[in-house]
Amino acid sequence: MESSLLQWLTGIGWTAFTWALGGLLLVNGLAVALWITKRDRSLVQRYTSLWLAVNLLLVAIGVGVPTVTAVARLAVMGARAVTPGVNWFPGETPQARVMLAD
């Protein structure tokens, strides 16, 4: 159970990073393409604040979610290491833990 939780947390972090990176590439690619086709300075002045807000949000998601999931993974591994006798996951038997370790 612990290994599946750790894998799930890793997957969530990488998925958030991948989607955020894709969003950054899409938003900035569209901004450059629009500016190249229009060549209008008023577009830059009108949409810079929105473009900056979207970029900051995507960077925060791309960095923040993987950081939170990494901290959660460390907490799960640390709790198991500090209290090895406590069965954190009731469905998991000691024999299953030994089988997973091999």
Which distance in nm do the two modelled labels at Leu57 and Asp40 give, with both placed 7 Å along the Cα-to-Cβ direction? 2.3
With a point put 7 Å past each Cα toward its Cβ, work out how far Ala33 is from Ala72 in nm, to one decimal. 3.4
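Just so you know, all these numbers are worked out from the coordinates, no wet-lab data involved. Since we're looking at a predicted model, the values are computed, not measured. Every residue, glycine as well, gets a Cβ built from its backbone with ideal geometry; the counts of neighbours run over all protein chains shown.
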